[in-house]
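Structure record follows, encoded as structure tokens.
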Amino acid sequence: MTPKEYNQSVDLYSDNVYRFILKNIKDEERARDIVQDSYEKLWRNAENINSEKVKSYLFTTAYHTMIDVLRKEKRQTYMEDYQIPEDVHDEQYSDLSEILNEAVQRLPEIQRTVILLRDYEGYSYKEIGDVTFLSEAQVKVYIYRARVFLKNYIGKMEMVV
């Protein structure tokens, strides 16, 4: 991979990788750090990476970096985790994207990842399998389960609106 191809990959894929990570972790600073780490790893391995496989490499690297960050943070305890959440909640929502985002955040990590890659980023089942190291069949099962959960969580649209 040449420096020109590297710069082109930044222009083409950095926003998509950032959105994918941000949807998973909901923290802009950490998402930026993960994207930057992914591009740093790409730069260090540029001579070993085919320019046609850059997108897959970036998403795979970003996904695994995100998993490492989340695992590391799981082991740490913060005082903010012990605050009592407020139970103030409106009975009726008008922002459907807020409801959908909340539902997506309630998904198990692997289901959230595959549903975001499929429905938000437009990856094929095979590409998702390559990124997450799952078989195509496993990817389809996780996507199906995630969609069933989302359907049940959101319920009938008449109840939401």
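The values are calculated or read from the model by the stated rules, or taken from the named source; none is laboratory data. Only a predicted model underlies this, so the values are computations on that prediction, with no experimental measurement involved. Here Cβ is always computed from backbone atoms with ideal geometry, including for glycine, and neighbour counts include all displayed protein chains.
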Review point. Going through region 4-38 one residue at a time, which ones are exposed (fewer than 14 other Cβ atoms within 10 Å of the Cβ) and in contact (Cβ under 8 Å) with a residue 60 or more places away in the chain?
Key: K26
Review point. Restricting the search to region 119-155, which residues are loosely packed, with under 14 Cβ neighbours inside 10 Å and within 16 Å of F59 (Cβ to Cβ)?
Key: Y120, G122, S124, K126, F133
**Study point:** Pair list, Cβ < 9 Å and 6+ apart or interchain, from region 42-54 residues that are under 18 Å from V17 (Cα atoms) and in the same structural domain as V131 (by TED's automatic domain parsing) to residues that are assigned to a helix (DSSP H, G or I) and β-branched (V, I, T)
**Key:** none
Point to revise | Matching residues, region 1-31, being under 23 Å from E102 (Cβ atoms) and charged (D, E, K, R) | key: R19, K23, K26, D27, E28, E29, R30
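Filter region 130-153 down to residues that are among the small types (G, A, S) and assigned to a helix (DSSP H, G or I) and give me whichever is nearest to N101 (Cα to Cα).
Narrowing region 130-153 to residues among the small types (G, A, S): 135, 137, 146.
From what is left, the residues that are assigned to a helix (DSSP H, G or I) are 137, 146.
Values: A137: 26, A146: 13 Å.
Of everything passing the filter in region 130-153, A146 is nearest to N101 (Cα to Cα).
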Exercise for review: Determine whether L70 is modelled with pLDDT under 85 and in a helix (DSSP H, G or I).
Suggested key: yes
Exercise for review: Consider only pairs whose beta carbons are under 8 Å apart and that are at least six residues apart or on different chains; among these, list those whose first residue lies in region 126-138 and is free of Cβ contacts under 8 Å to residues at least 12 places away in the same chain and whose second residue is among the aromatic types (F, W, Y).
Suggested key: E136/Y125
